[in-house]
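The values are calculated or read from the model by the stated rules, or taken from the named source; none is laboratory data. All values derive from a computational prediction rather than experimental measurement. Because the Cβ atoms are built from the backbone with ideal geometry, glycine has one as well, and the counts that use them run over all protein chains shown. Please note that ligands, DNA and RNA were not included when accessible areas were found on the heavy atoms of the full protein model with its side chains. Shrake-Rupley method; radii C 1.70, N 1.55, O 1.52, S 1.80 Å.
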Amino acid sequence: MRRIVLCGFRGTGKTEIGKILAGQLNFPFIDTDNLIEQKTGRSIPSIFHDEGEERFRAVEREVIAQLPQKDVVVSTGGGVVIDPSNMERLRKESVLVLLVADIDTIEQRLKRKPRPPLTGLPLREEIAEMMERRRQHYHAAADFCIDTSETTVEVATGNLMHILHNGMVMEKQRETGMAFFKTGRIPTPKLHALEAILTDPARDPLTRLLGVAGYPCAHSKSPALFNTLFANYGLNYSYTWFEDPEIDEIMNVARELDVKGLSVTIPFKQDIIEYLDEIDEHAAQHIGAVNTVVFACGSAIGYNTDWIGIRKPLISLKGVNAVLLGAGGAAAGAAYALTDLDMQVTILNRTPKNAQTLAERFGCRWGDLQEIDRIKPDLVVNATPLGMHPDDHSPLRDDQLNKEMTVFDLVYTPPETPLIEQARRIGCRTITGTEMFIEQAREQFYLFFGIDAPIERIREMVL
Ligand code: NAP
């Protein structure tokens, strides 16, 4: 069996449940807080008090790095999930179980224990504040989630043992899932691999799925990239295609199969919002589109990483004069990213009315595509699909570009679009849609698993 790692807030029962579980599995039990105390010869409150949280986290990192890799149950400190290097190490060839409890239960349990203060707030407020701060990290850490609020440690351990032996998805749900995948356009060898995960009697019940949700999405590069990442980081996950004209159908199957996460693409980035329990601030309030869904502890939480994929390659161009071509979903992410970088943005679109609507949301100027002649921008971002099809031409004429400009084409299939070829020929600095894809996928991987994959590593996998 893989190494079992328990994470979660203080007072969720990690130590008690970990001890019972280790006894039942006949594995040694390790509590990382105990190891920290042994290593430093001091109690955790005294490390916090005398040397501060930073020193505690440094020792914690050393302890995590030295944990045995297999046949062990590990209970971790409540804040361990925040550090991506801890997550990378803890996740390798392991099952991460997130223990949760409601705030009343945690408060009652912690009243009985001494605690190192982290915020200086009264206990209940500190719990609420720290739980909120760490929420996204806990979600990323959870392969499986157990609520310990209204139960004994023995019952909670029993529930956990059941999951470790059977997984979360029952036979009927797996068969329904398989029937769904057979209606899509998944390549035959990949469909067989899915059958092995879902319906083979010898399957590993702990293997979980993620995927790209779209219609069509068979062309997506995400399955190849994410499956390579899973192999590299020792994650027991498989990434596939959820291709269907109905988002309703996709979300039903995703929930039935206890999917860990979805990358969302055309045409569902807006429609998916009504299926989610929560949406992060950037995705919901500003962009109005979701391209990432994380399922954790019964909730589906939406994020947008497209705008980060556009913002990162442009950081050195803060404050420049920019033209954004297009006014659809990708353009909304781009408008958010460019205005966040304090650029003066003009949105130009085939249908000027749509440019106006988007421009008014972000306080930009707008116009039709010919307006570019008047503007003479430092940066052009193409957020139209022009360039995707073999007979597409560049959205701009040669005389509308000059070598001082930066040209960013969001289209990434093909990687060399007519606009990129034209801009290179003229001598502009160019950024391809592949850069956006790499950056947004890196951020998705972080939201799904809490691991910070180096951008160079992802670039090598994609190119
Ligand atoms: P969308 O919501 O359908 O919006 C398309 C926009 O392009 C609209 O403003 C539309 O104008 C305009 N447009 C469409 N066809 C046009 C044409 N023939 N000439 C001029 N303008 C045209 O699509 P989207 O989701 O924003 O995606 C746009 C592109 O971004 C896609 O091609 C996709 O490849 C790329 N993308 C890349 C990444 C990445 O990771 N690199 C991620 C997401 C998207 P109207 O308002 O007049 O219809």
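Computed quantities for the displayed model
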read-out: Failed item in (1) more than 21 Å from Val320 (Cβ to Cβ); (2) modelled with pLDDT of 95 or more, with Asn402 passing the rest; value: (1)
read-out: Index of the failed condition, Phe48 passing every other in (1) under 28 Å from the mean Cα position of the chain (by Cα); (2) open to solvent by less than 50 Å² (accessible area, probe 1.4 Å); value: (1)
read-out: Region 82-115 - residue that is closer than 18 Å to Thr157 by Cα and among the polar types (S, T, N, Q) and, of those, most open to solvent (accessible area, probe 1.4 Å); value: Thr105
read-out: Yes/no for Asp248 being at pLDDT 95 or above, more than 16 Å from the ligand (Cβ to nearest atom) and either within 27 Å of Cys7 (Cβ to Cβ) or under 15 Å from the mean Cα position of the chain (by Cα) (or both); value: no
read-out: Among residues of region 378-402, those that are touching a residue at least 24 places away in the same chain (Cβ under 8 Å), more than 11 Å from the ligand (Cβ to nearest atom) and not in a loop (DSSP other than H, G, I, E, B), counted; value: 4
read-out: Extreme residue, modelled with the lowest pLDDT, among residues of region 171-186 that are part of a loop (DSSP other than H, G, I, E, B) and open to solvent by less than 60 Å² (accessible area, probe 1.4 Å); value: Gly184
read-out: Region 134-170, subset part of a loop (DSSP other than H, G, I, E, B), open to solvent by 40 Å² or more (accessible area, probe 1.4 Å) and β-branched (Val, Ile, Thr), residue farthest from Asp102 (Cα to Cα); value: Thr152
read-out: Subset of region 348-377 that is without any contact (Cβ under 8 Å) to a residue 24 or more places away in the chain and either within 11 Å of the ligand (Cβ to nearest atom) or outside the structural domain of Gly319 (by TED's automatic domain parsing) (or both) - its residue that is farthest from Ile287 (Cα to Cα); value: Asp368
read-out: Subset tally (residues that are under 18 Å from Asn86 (Cβ atoms), out of contact with any Ser or Thr (no Cβ under 8 Å at 6 or more places or on another chain) and at pLDDT below 95) for region 22-47; value: 1
read-out: Positions within region 323-343 being open to solvent by less than 10 Å² (accessible area, probe 1.4 Å), aliphatic (A, V, I, L, M) and more than 6 Å from the ligand (Cβ to nearest atom), in sequence order; value: Val323, Leu324, Leu325, Ala332, Ala334, Ala335, Ala337, Leu338, Leu341
read-out: Single residue of Ala58, Ala22 found to be under 27 Å from the mean Cα position of the chain (by Cα) and not in a strand (DSSP E or B); value: Ala58
read-out: Only listed residue being in a helix (DSSP H, G or I), under 24 Å from Tyr336 (Cα atoms), in contact with a helix residue (DSSP H, G or I) (Cβ under 6 Å, 6 or more places away or on another chain) and in contact (Cβ under 8 Å) with a residue 24 or more places away in the chain, chosen from His282, His286; value: His286
read-out: Of residues in region 432-461 being in contact with a Ser or Thr (Cβ under 7 Å, 6 or more places away or on another chain) and within 13 Å of the ligand (Cβ to nearest atom), the one most open to solvent (accessible area, probe 1.4 Å); value: Glu443
read-out: Check on Lys318, away from the ligand (no atom under 15 Å from the Cβ) and open to solvent by 30 Å² or more (accessible area, probe 1.4 Å); value: yes
read-out: Long-range neighbours under 8 Å by Cβ, at least six apart or interchain, first residue within 13 Å of the ligand (Cβ to nearest atom) and open to solvent by less than 20 Å² (accessible area, probe 1.4 Å) within region 300-313, second in a loop (DSSP other than H, G, I, E, B) and not aliphatic (A, V, I, L, M); value: Asn304/Asp280; Asn304/Asn291; Thr305/Asn291; Asp306/Asn291
read-out: Top-ranked residue of region 1-44 - restricted to ones that are among the small types (Gly, Ala, Ser) and touching a strand residue (DSSP E or B) at 6+ places or on another chain (Cβ under 7 Å), ranked as farthest from Asn236 (Cα to Cα); value: Gly13
read-out: Residues that are crowded, with 16+ Cβ neighbours inside 10 Å, within 11 Å of the ligand (Cβ to nearest atom) and in a loop (DSSP other than H, G, I, E, B), drawn from region 403-413; value: Leu410, Val411, Tyr412
read-out: Selected residue (only one of Thr151, Thr157 is without any contact (Cβ under 8 Å) to a residue 12 or more places away in the chain and not acidic (Asp, Glu)); value: Thr151
read-out: Residue under evaluation Gly288, criteria (1) under 18 Å from Met168 (Cβ atoms); (2) open to solvent by 20 Å² or more (accessible area, probe 1.4 Å), criterion not met; value: (1)
read-out: Within region 301-319, considering residues that are touching a Leu at 6+ places or on another chain (Cβ under 9 Å) and among the aliphatic types (A, V, I, L, M), the one farthest from Cys364 (Cα to Cα); value: Ile301
